[in-house]
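Colleague: Below is a structure I'd like to ask you about.
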Amino acid sequence: MAEYTIKVRRFQPESGEGPYWEEFNVDLDPSLSVLDGLLQAKDKEDGSLAVRCSCRAAICGSCGMKINGQSGLGCKTQIGEAQEQANKMKGATGVTAAEASSPIGAQAPEAQDAVRATGQVEAGPGTTAVTTATEAPIVIEPMGNMPVIKDLITDMESTHWTKIRRVTPWLLPHGEPPEREYIVEPESMIDITQSMACIQCGACVSSCLSMEADPDFIGPAALAKAYRFVGDPRDAETAERLHDLAEDPHGIYDCTHCFSCIDACPKGVAPMDQIMRLRRRAGEEGIEDPNSGHDHEIAFVKIIEKKGTLDESLLLQESFAPGFKGKLKPNRRAIREMIGSIPTAIRGIKTGKMRSLHKLIPGVHPKLPDQDDVKAIYRHAEEHNEELNLYIRGEEGDDAQPDGAAAEEVTNG
Amino acid sequence: MAENIKVAYWPGCVSRGFTPELHGSMALVAQKLGIELVELDRANCCGAGVIAEHNQELADTLNARTFALAQQTGLSMMNICSTCQGAQSECQQRLDADSAYRAHVNEALSGQGLSYEKAGDGGWTNKNFLWLLVEDYGLDRLKEQVVRPLSGLRVGPFYGCYIVRPKERLGYAEYPDRDIYLEKVIEALGGQIVEYDGARKCCGFPVITMSRETSLRQAGTHVGDAIDAGADCLVTPCPLCHLNLDMQQPEAAKVVNRDLGLAVLHLPQLVGLALGAEPKELGMGKHIASTRWVEERLTSGVAA
């Protein structure tokens, strides 16, 4: 058994007051969970502390929350590990996750002074009455990107379920249904098993940095769900789904590729990887999206094939007005974007950052001395185009089998 | 600890493109630190995640080529870009996980006399300058080199997503403190750490051409938060973050509708200042957001 201080961001709408921090001291084994700690506080100190939970075994997906700023499940995070993380961040920065991530004005005056002189770890401004100098409080907050109903309970309807419904999360087969079940090759379902592991906890939505900047972004959970049906061989509206997801300006090309959802997901769904699969499929479908996302991807890939390293000015031009195939027809948004980038270029020329011909004129960038080698790689990869999904394949064991024997079977299959 | 460090050096594309001051300052700082750089001038772009989005095997093979070129020198590899680190680590993870796949990828390189070999424990590595500085060079040794402590300079760290996530891929099991190394370096150089919300968030750069407002709102918010927390400057090990936080800063200011104007330093520049290099030699005049305030703070800091 060990003592922990958990610092909970609380909010009771009926009180008419704003949110505030409250610390609880709990006593439990380090291998037990943060959720266990919260339930002990609720049981022994304050029955009004509101938290959703059910299975306590990372299956039901009810107890999504932020622990030391990291989104995840309360029941899947050991309290001992959460304590180590809290100590580490406080030791490095002098402030706790509470002050860094969600300063609550009047209740956390220490947040106003987040600057710390070097070497004064002990005298960090976050020290409070119940916190000892060495143990930082474990900071627990409701999930992000969602309205808070009470304490740790968020309204998942407005930003999670609405977006899930947005992607038509059911099968759309065509033709007469079979007499009994649909029969598919087992291999054809492997690709979507990862997205099927989702338990709808919302941790990825809570962590999403694109949604923070653009609340209209369809988001990681809904897009991972979308791939679950795009990749399903029984579904007959794959192309329609891809058009829908690519043509929405807040769709697959609004993901900023920050990996937050990958670290937040308690089930290894890796929503961002599913979004990249959707982009790949939309590209194969030849869909022209309003964000020029596909044009950007193709431009990037072709520039490296031609030059080996990135020609940045050519990438900008080609992303908006693809001329590689002899068509130079930017759409209205692209023209606006290109004109919009002129002041940035002028500033770059002024400071000397961009003051050279190959940075200003698209296409002048030199190619690598042995660019033919790079081109050979392109030919090889385009012939095979293999995708290795470690979630499905798993990592090779050290002594599991003679070098790659089993893996080889799968590769060739 | 005092042995010389010699690495195969992959500068990346952007450090020789729109952030030339990064490549220049790295060369200068390596010399001052006594790190010998063997530049991989025939290596190719890491793909920045975009090529992997198009064709995973293509990205894996392109990076296997870079790794093989580095291995040919008999040296471990160093990069100076969080995005290179993340994109290359992703490919390396797949290559290392499956010997059959590795053999398949190496087949594409065999015509060039190249082959990527999986390293055993403690063998060949690919590390960002930040990781190398803390893990191999050592903070104590760094401290000994400081001739102009950054006293009074309030520095906000900005990591770049690709170097902090996903933790499982980026060696955090072995090096759990990789997400607080910038703080450690700032401290070792004598500066003050500024904690603000955006340190480990996304600069928005990957969607600057696709979703400009989302992108600039991210950059503008983080710069604004750092200013509100009292920062004199930000420091980043990622030139792509630098593009959005510095080069696009005036545009980001318009989107978040407030004045910004915060200097953003590349990691080698911050180290270089503490090692006594002049701002001009470090290319700080090439930045869009003026670095004059940083220079003033440092001069007054030395006087105090």
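Colleague: Only residues of the range B:52-75 count here: report those whose backbone N is under 13 Å from the spot 7 Å along Cα→Cβ of A:D370, or say none.
Modeller: Under 13 Å, as judged by backbone N against the label point of A:D370, lie B:65-73 of the range B:52-75.
Colleague: So, counting K/R as plus one and D/E as minus one, what does the shell of residues with Cβ under 12 Å around B:T214 add up to? Don't skip to the end; give the middle numbers.
Modeller: Values: positive: B:R212, B:R217; negative: A:E212, A:D214, A:D216, A:D254, B:E213.
Computed value for this residue: -3.
Colleague: Could I ask something else about it? Less than 15 Å Cβ to Cβ from B:S15, Lys/Arg counted +1 and Asp/Glu -1: what total charge do the surrounding residues give?
Modeller: Numbers: positive: A:K353, A:K359, B:R16, B:K286; negative: A:D311, A:E312, B:E21, B:E39, B:D41, B:D246.
Residues near B:S15 contribute -2 overall.
Colleague: Would you mind calculating the gained length between A:R234 and A:E14 on full extension (0.36 nm times residue separation, minus the Cα-Cα distance), in nm to one decimal? Intermediate values should be presented prior to the final figure.
Modeller: Details: separation 220, 0.36 × 220 = 79.20 nm, distance 4.87 nm.
Extra length available between A:R234 and A:E14 comes to 74.3 nm.
Colleague: Ranking B:S76, B:S290 by Cβ neighbours within 10 Å, fewest first, what do you get?
Modeller: On the way: B:S76 19, B:S290 14.
The most exposed by this proxy come first: B:S290, B:S76.
Colleague: For the range A:185-307, what is the Kirkwood estimate of the hydrodynamic radius, computed as the reciprocal of the mean inverse distance between distinct Cα atoms, to one decimal in Å?
Modeller: Details: mean 1/r = 0.0673 Å⁻¹.
Hydrodynamic radius (Kirkwood, Cα pairs) of the range A:185-307 is 14.9 Å.
Colleague: What is the antiparallel percent of DSSP beta bridges lying wholly in the protein assembly as shown, to the nearest 5? Don't skip to the end; give the middle numbers.
Modeller: On the way: 20 of 43 bridges.
The antiparallel proportion sits near 45 percent.
Colleague: Now, a different point. Take every Cα-Cα pair in the range B:19-73 and report what % of them are more than 18 Å apart. Could the numbers behind the result be given before it?
Modeller: On the way: 746 of 1485 pairs.
Value for the range B:19-73: 50 percent of Cα pairs lie more than 18 Å apart.
Colleague: Here is a follow-up. Starting at 0 and stepping by 10 Å, how many percent of the alpha carbon pairs of chain B end up in each bin?
Modeller: All Cα pairs considered, the percentages come to 6, 28, 35, 22, 8, 1, 0.
Colleague: Any idea how far apart A:M196 and A:E3 come out in nm if each label point goes 7 Å out from Cα toward Cβ?
Modeller: That separation, rounded to one decimal, is 5.0 nm.
Colleague: Restricting things to Cα coordinates, could you compute the convex hull volume per residue of the protein assembly as shown in Å³?
Modeller: Working: hull volume 125.2 nm³, N = 717.
Given the Cα convex hull of the protein assembly as shown, per-residue volume reads 175 Å³.
Colleague: Give the angle, between 0 and 90 degrees and rounded to the nearest 10, that separates the Cα long axis of helix B:82-97 from the longest principal axis of the Cα atoms of chain B.
Modeller: The angle comes out at about 20 degrees.
Colleague: Which residue, chosen from B:N63, B:A27, B:N126, occupies the Cα position most advanced towards the positive end of the dipole of the range B:1-137, where the dipole is computed from +1 (Lys, Arg) and -1 (Asp, Glu) charges on Cβ about the Cα centre?
Modeller: B:A27
Colleague: Another question, if that's okay. Compute the angle between helix B:56-72 and the longest alpha-carbon principal axis of chain B, please, reported from 0 to 90 degrees and rounded to the nearest 10.
Modeller: Once rounded, the angle reads 90 degrees.
Colleague: Between B:Y175 and B:D228, what is the FRET efficiency for a Förster distance of 30 Å, r being their Cβ-Cβ separation, to the nearest 0.05?
Modeller: On the way: r = 31 Å, r/R0 = 1.04.
The value I calculate is 0.45.
Colleague: Using a 10 Å cut-off around each Cβ, can you sort A:S313, A:S33, B:S151, A:S206 from fewest to most neighbouring Cβ atoms? Write down the numbers at each step before the final one.
Modeller: Working: A:S313 21, A:S33 25, B:S151 18, A:S206 29.
The fewest-first ordering by Cβ neighbours comes to B:S151, A:S313, A:S33, A:S206.
Colleague: Here is a follow-up. Rounded to the nearest 20 debye, what is the charge dipole size of the range B:118-223 about its Cα centre when +1 sits on each Lys and Arg Cβ and -1 on each Asp and Glu Cβ?
Modeller: On the way: 15 positive and 14 negative charges, 80 e Å.
Dipole size: approximately 380 debye.
Colleague: Helix-derived [θ] at 222 nm for the protein assembly as shown: sum -39500 (n - 2.57) over DSSP H runs of at least 4, divide by residue count, nearest 500? Walk me through the numbers on the way to the answer.
Modeller: On the way: 34 runs with 303 residues, N = 717.
Rounded to the nearest 500, the figure is -12000 deg cm²/dmol.
Colleague: Using Cα-Cα distances under 8 Å and only pairs 6 or more residues apart, what relative contact order does the range A:300-393 have, in percent? Show your work: numbers first, answer last.
Modeller: On the way: 70 pairs, mean separation 32.2, N = 94.
Computed value for the range A:300-393: 34 percent relative contact order.
Colleague: Pulled fully out, how much extra length does the chain show between A:N389 and A:C60, if you take 0.36 nm times their separation in residues and subtract their Cα-Cα distance?
Modeller: Values: separation 329, 0.36 × 329 = 118.44 nm, distance 2.56 nm.
Gain on extension, A:N389 to A:C60, equals 115.9 nm.
Colleague: For each of B:W131, B:W124, count neighbouring Cβ atoms within 10 Å of the residue's Cβ, then give the residues from fewest to most. Please report the intermediate quantities before stating the final value.
Modeller: Working: B:W131 22, B:W124 18.
Arranged by neighbour count, lowest to highest, B:W131, B:W124 become B:W124, B:W131.
Colleague: Against the longest principal axis of chain B, how steep is helix B:212-228, in degrees 0 to 90 to the nearest 10, with axes from Cα atoms?
Modeller: The angle comes out at about 50 degrees.
Every number here is computed from the coordinates shown, using simple stated rules; none is lab data. Remember, it's a predicted structure, so these values are computed and weren't measured experimentally. As a convention, Cβ positions derive from the backbone with ideal geometry for all residues, glycine included, and neighbour counts pool all protein chains shown.
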